Amino acid sequence: MKLVGLTGGVGMGKSTAAGFLLQLGARVTDTDEIAHDLVRPGQPALAEIEKEFGQKILAADGSLNRRALADVVFNDEAARKKLEAILHPRIRERWQSQVAAWRSEGCPLAVVVIPLLFETQAEHAFDKIICVACSPASQRERLAARGWSPVDMARRLAAQLPVEAKLARAHFVVWTEGLPDASRRQIVEIIGKI
């Protein structure tokens with residue numbers, strides 16, 4: 001089985017690229033989805049996050065108030081590191097377990113979407129790494145469409161390795177400017193090389 005890591009900056013098209021890979025027959029797991037699952041009400045990670053950060057990070061229904069948590073961790077590097085210490089080992093265990101299951105099934109191509117792939121030193125687990133990227137202007141436009149303020153963008157981007165560093169360390173690049181078909185064609189070409 002070929003195992004591919006898919007990374008890139010926030011708002012640069014990782015989910016779209018992952019969707020194309022899935023359509024083309026790859027098995028795909030996304031660490032953002034794993035993280036969302038880990039912080040559902042009743043999950044041990046959510047209880048640990050509440051213990052660390054207080055009830056202010058919970059919504060009235062007991063679910064995680066992502067905005068409140070983001071306001072804490074993207075304004076305080078020590079707080080962000082505490083959150084990462086709670087979530088990252090659990091996320092890694094979950095995606096590694098999924099990869100092991102795919103290996104045992106004889107799956108030919110598997111992809112793990114990890115926004116913080118290099119930041120979490122996960123690159124050695126993969127045969128190849130694809131980095132998805134776009135221009136800073138397109139990135140800002142996409143994040144603004146999600147309702148992010150310029151301050152939100154600056155804080156989130158500061159918490160990640162610059163995309164230029166990710167591009168330099170990746171085996172393949174998918175440039176996501178323009179129409180989605182152009183990205184799909186790039187991915188088809190990359191799969192042919194993998």
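Only the coordinates and a few stated rules stand behind these numbers; no lab work does. Computed from a predicted model, the values in this text were never measured in an experiment. We place every Cβ from the backbone using ideal geometry, glycine too, and count neighbours over all the protein chains shown.
Table for the structure above
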quantity: Charge dipole (debye, nearest 20) of the stretch 1-135; +1 at Cβ of Lys and Arg, -1 at Cβ of Asp and Glu; calculated: 180
quantity: Column: log10 I(q)/I(0), Debye, Cα scatterers of the stretch 123-170, q = 0.21, 0.30 Å⁻¹; calculated: -0.80, -1.16
quantity: Among 11-24, 153-166, the order from most to least packed when residues are scored by Cβ within 10 Å on average; calculated: 11-24, 153-166
quantity: Proxy reagent accessibility, fewest Cβ within 10 Å first, across 131, 107; calculated: 107, 131
quantity: Net charge contributed by nearby residues that have their C-beta within less than 11 Å of residue 113 (K/R +1, D/E -1); calculated: -2
quantity: Computed lengthening from residue 52 to residue 100, 0.36 nm per intervening residue step minus Cα-Cα distance; calculated: 14.1 nm
quantity: Residue-count net charge about residue 171 - beta-carbon cut-off 14 Å; Lys, Arg +1, Asp, Glu -1; calculated: +2
quantity: Alpha carbon Rg of the stretch 1-102, scaled by the compact-globule rule 2.2 N^0.38 Å; calculated: 1.21
quantity: Mean Cα-pair separation over length for the chain, i.e. relative contact order, pairs under 8 Å, 6 or more apart, %; calculated: 39
quantity: Label point distance in nm, residue 1-residue 23, each placed 7 Å from Cα along Cα→Cβ; calculated: 2.4
quantity: Degrees, to the nearest 10: 44-53 long Cα axis against longest axis of the chain; calculated: 50
quantity: Nearest 10 degrees, 0 to 90: helix 14-23 Cα axis against the chain principal axis; calculated: 50
quantity: Alpha carbon centroid spacing (whole Å) that separates the stretch 132-164 from the stretch 1-27; calculated: 19
quantity: Förster radius 35 Å - calculated FRET efficiency between residue 66 and residue 188, Cβ distance, rounded to 0.05; calculated: 0.55
quantity: Descending Cα extents along the principal axes, the chain, whole Å; calculated: 49, 42, 27
